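A quick write-up on the structure given underneath.
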Amino acid sequence: MQLSLFSSRRVVAGIMLILFCSRIWSHGAAPTPAIDPDRTIVFPDTEDYVTVITDLHTHSVFSDGHVWPSVRVSEALLDGVDALAITEHLEYQPHRLDIPHPDRNRAYDEAVVAAKGTDLIVVRGSEITRNFPAGHVNAVFLTDANELIKVPNAPLDPGEFYAASQEWPAQAAIDAAVEQGAFLFWNHPFWTEQDRQAGVTAFHEDNAKAGKIHGIEVVNGNGYSEEAFEVALKNGLVVIGTSDVHNLIDWDYKPHAGGHRPVTLVLSKSRTSKDVREALFAKRTIAWFKNLLIGRSSDVVPLIRSSLSLQSEGYRDGTSLARVVIGNRSDATFELVNLSQYTFLEHGSLIVVPAHGEIHFTVKTSEPLENIDLQFSVRNALVAPRSHPEITLSTAL
Ligand SMILES: [Zn+2]
Ligand SMILES: [Zn+2]
C-alpha cells in the first residue's frame, strides 16, 4: 500500500516534471484567442486584388516592447491582421541585461512558432535605429536580421551598447537590408522629439532616389502626417500606416470600444508572403487610420468602389422621387458629400453610410429616369493632403 502510494506519487511527479519541462521549452506557444467578429478589421477585396491587412511595425521584449512575441501574434489574430512584422530596434536594447539575445531573428522565430497552425503571415523585419538625421528605418522581408548590426566587443550596458552601435554607418545597415531584397520604409518622419526638422533629409532623399528606401510612414500610432503624405507622393514612396505598438493593442487602440490599430491595406495578387512583398514594391497600399483611408487614388478609389453599392428601391408612386439605398461592406463609416445635379428629400448634401450597414434615402430626379449616376466626394478618404477622391455610384431605377 505504502509502496504503491509512493510509486503513484512518483508517476504524478514525473508527469508534472514533463509538463513543466515542456512549458519551459515551448514558451512560444500562443494563447488561442476567441475571435470577436466585431473586433476584426474587415475590408472587401477590390475588383483586381485581394485586400491584405498588414501591420509591419511592432515591438516585443526583444527590444523596447513589453510583451513576448506570442502576445503580438494573438493580438494580430484577434484583429484580423493577415501579415505581421515584429520589427525590433537592432541597436536600442533597453532589456539587454535581462535578455542579451545575440540572435536578432529571435522575435521572428518565436512569432513563427506562435503562429503555427494559423493563416497569419509572419514577416521577418527589423528597425534600423540611428540618431538624427538617419533616424529609424524599418526593413521587412529580411532573410537574416543579424547582418544589419555590427557592434564589436558589444558592451552589456544598454546605454553603452546603443552608443557603440551608432558607430557602424546607417548606410551600411540599409545596404545590408537591400542586399537581402528587403522592403524598407522611413519610420515616423514626423517624430519631432528626434527629427526636429520638417521635410526630407539628404539621407532619405538619396536612398529613395537610389531605390533603397521604398516607403514612408504617413501614419504611425496615433499620428497622421500631411507632410509625410506629401513626401510620399512627391518622391514616389509607398504609403505606410503602422501601429508601432510597444504595450498592448487593447490599451493603445481600445478595439473593445470600437477602435482599431492603424494598418496598411495591401492590394495583393494573393494572400501570400511573396505576393504581399510584390504588392508593396508595386506601391499598392492604403493606410487605414481612425476613420480615414489614405493612399493613392489608383488604390483608394477601387477599394471604395468595392466597399459601396447603390441600389434602387423604385419610384414613389406617381412621383419623381427615387428611393435608393447605399450599402457598405467595410469597416469605414463613409461620409459622402453630394456633387450630383440632384438634391435629396431627407438629407442635405452629406450622406453617412455606417460601417457594414446601409442608408436609405430619396433622390429628387425632377422626372422619372431609367438610370441614375450619383457623384460624391468621399470625405473620409484622402488621395493627397486635404484632397478627397470623387466617386460615381450608378444604378437602374
Ligand atoms: Zn522608431
Ligand atoms: Zn518602432
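The values are calculated or read from the model by the stated rules, or taken from the named source; none is laboratory data. Owing to the predicted nature of the structure, the values given are computational and were not obtained by experimental measurement. Cβ atoms come from the backbone with ideal geometry, glycine included; neighbour counts cover every protein chain shown.
Worth a mention:
- Residues of the range 349-390 satisfying the condition of being β-branched (Val, Ile, Thr), in a strand (DSSP E or B) and farther than 24 Å from residue 320 by Cα: 378
- Test for residue 87: is it within 22 Å of the chain's Cα centre (by Cα) and either farther than 26 Å from residue 38 by Cβ or within 16 Å of ligand 2 (Cβ to nearest atom) (or both): yes
- Of all residue pairs spaced 6 or more apart or on separate chains, none has beta-carbon atoms under 6 Å together with a first member in the range 378-391 that is closer than 15 Å to residue 288 by Cα and a second member that is modelled with pLDDT under 95 and not acidic (Asp, Glu).
- Condition broken by residue 151, with the remaining ones in (1) touching a Ser or Thr at 6+ places or on another chain (Cβ under 7 Å); (2) within 14 Å of ligand 1 (Cβ to nearest atom) satisfied: (2)
- Being within 14 Å of ligand 1 (Cβ to nearest atom) and of a type in the set (D, E, K, R) holds for only one residue in 179, 217, and it is 217.
- Qualifying position, being in contact with a Gly (Cβ under 7 Å, 6 or more places away or on another chain) and among the small types (Gly, Ala, Ser), among 309, 268: 309
- Residues located in the range 138-156, provided they are closer than 13 Å to residue 169 by Cα and either within 15 Å of ligand 2 (Cβ to nearest atom) or surrounded by 21 or more Cβ atoms within 10 Å (Cβ to Cβ) (or both): 148
- Inspection of the range 80-91 finds a residue satisfying the criterion of being more than 14 Å from ligand 1 (Cβ to nearest atom) and under 16 Å from residue 67 (Cα atoms).
- Residue that is nearest to residue 137 (Cα to Cα), among those in the range 92-110 that are within 16 Å of ligand 1 (Cβ to nearest atom) and crowded, with 23+ Cβ neighbours inside 10 Å: 93
- Filtered residues of the range 265-300 (kept if among the small types (Gly, Ala, Ser), in the same structural domain as residue 236 (by TED's automatic domain parsing), under 18 Å from residue 47 (Cα atoms) and not in a loop (DSSP other than H, G, I, E, B)): 268, 279
- Lone qualifier among 69, 169, 158, 133 - being free of Cβ contacts under 8 Å to residues at least 24 places away in the same chain and either more than 26 Å from residue 280 (Cβ to Cβ) or in the same structural domain as residue 258 (by TED's automatic domain parsing) (or both): 169
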